[in-house]
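Presented below is the structure to which this report refers.
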Amino acid sequence: MTSTPVVPQHVLDRYFSKANYTDQDRGIVERAFITYADDVTKTIARHDDVRRKNKVMPVGRAATIVAGPGGAGKSVLMQSFNDLLCIDYERALKRFPEIQQLTQYFEGFAAGSDAMQEASTKWLLGSKHNADVMLNTLVGKGRPVAFETTGHGEGMAEFIANLKANGYTVSMALCDTPTAVRDAALFNHYRAENGTYVDPVVNKSKVSGIRSNMEMFAKSVCCLDIYWRDDADKPLTLIARSDKNGQITIVDQDGVNSFNANSVLIKHGTYETLEAMLDHHSDVRRAATMRAEAEAKTGMLGGRIRII
């Protein structure tokens, strides 16, 4: 089948327009992509080898969107996805040697300083560009993928629609953790790894964006999983799930109670509880199923009955 780019070219071009990229800078981004692509190619080979040895059928065109604010544990969760090729811009970022230099240079600076933000933004945008190019490449080959996002961009609806246009079944894993844990995780991640830092104020705006997109997510994906953790040193726990038929399963009631009490997605959002969020998702899926069944019946009856 003909591939539709999941991330349109105008979005890819926008990364370069947001920072003052010189021709030399673009060359650095291109060289970093070559190294990143080599890493992904080796990962694909390992996946295929494991499937052949274990005689496991390929997963096919499946995509999982891992959404949540910075510091919520998205990258940690993706490490558990054995059947999907995980596209993580932070992995692409590590292919930029300049990032390690930045980490050392800014070690004595206060996290979130204007100087640090300005210096790291260029390579952060370059890494996101490379991650999106890799996503387009893998989807063009029909590979199963997982993709990390804060879920706040205006293009998320188009992103999901483009995955479906490529024949993909799309699910979502929504991650969250208490505000203090997220902020601490962001700072520790900056100091330990890649020299980038997300200011808590910026992160708060992304949380708001996720809330505003929740209804769109519910309408668009076939399965919505909610993950939570109270402590950055603990693994994320699946606490609830709503499947494509609207069936709600509470997996961890204690986790749900903690989510309801501490999640900014709930406390300051559209929903008062996780159950309300999943109930909404259930209603959306059931309504879609009813419409599909009604359209099928109308077709069988030759169109004599019009169902609105």
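Could you tell me whether region 283-301 includes any residue that is touching a helix residue (DSSP H, G or I) at 6+ places or on another chain (Cβ under 6 Å), in a helix (DSSP H, G or I) and modelled with pLDDT under 80?
yes
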**Request:** Go through region 264-274 residue by residue and tally those that are touching a strand residue (DSSP E or B) at 6+ places or on another chain (Cβ under 9 Å) and either more than 18 Å from Ala173 (Cβ to Cβ) or modelled with pLDDT under 85 (or both).
**Result:** 3
**Message:** Any residue that is modelled with pLDDT of 75 or more and among the small types (Gly, Ala, Ser) - is there at least one of those in region 203-217?
**Reply:** no
**Close pairs (6 angstrom Cβ cut-off, 6 or more residues apart or separate chains): within 14 Å of Asp83 (Cβ to Cβ) in region 45-62, surrounded by 10 or more Cβ atoms within 10 Å (Cβ to Cβ) anywhere** = Val59/Asp83; Val59/Pro144; Arg61/Gly142; Arg61/Gly167; Arg61/Tyr168; Ala62/Pro144; Ala62/Thr169
**Message:** Among the residues of region 129-137, are any more than 12 Å from Ala92 (Cα to Cα), out of contact with any helix residue (DSSP H, G or I) (no Cβ under 6 Å at 6 or more places or on another chain) and at pLDDT 90 or above?
**Reply:** yes
**Message:** Every residue in region 58-79 that is under 23 Å from Arg143 (Cβ atoms) and of a type in the set (A, V, I, L, M), please.
**Reply:** Val59, Ala62, Ala63, Ile65, Val66, Ala67, Val76, Leu77, Met78
**Request:** For region 54-70, name all the residues that are at pLDDT below 80 and more than 13 Å from the chain's Cα centre (by Cα).
**Result:** Asn54, Lys55, Val56, Met57, Pro58, Val59
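For region 216-231, enumerate the residues that are surrounded by fewer than 19 Cβ atoms within 10 Å (Cβ to Cβ) and closer than 18 Å to Gly70 by Cα.
Asp230, Asp231
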**Asked** Which residues, counting only those in region 132-145, are within 13 Å of Ile34 (Cα to Cα) and surrounded by 22 or more Cβ atoms within 10 Å (Cβ to Cβ)?
**Response** Met134
**Prompt:** Among the numbered criteria (1) within 14 Å of Ala173 (Cβ to Cβ); (2) of a type in the set (D, E, K, R); (3) modelled with pLDDT of 90 or more, which single criterion is violated by Asp252?
**Reply:** (1)
**Item:** Search result, residues across region 253-274 that are of a type outside the set (Ser, Thr, Tyr) and surrounded by fewer than 16 Cβ atoms within 10 Å (Cβ to Cβ)
**Value:** Gln253, Asp254, Asn257, Ala261, Lys267, His268, Glu272
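The values are calculated or read from the model by the stated rules, or taken from the named source; none is laboratory data. Note that the coordinates shown come from a computational prediction; the quantities given were computed from them, not determined experimentally. Ideal geometry is used to build each Cβ from the backbone, glycine not excepted, and the neighbour counts take in all protein chains shown.
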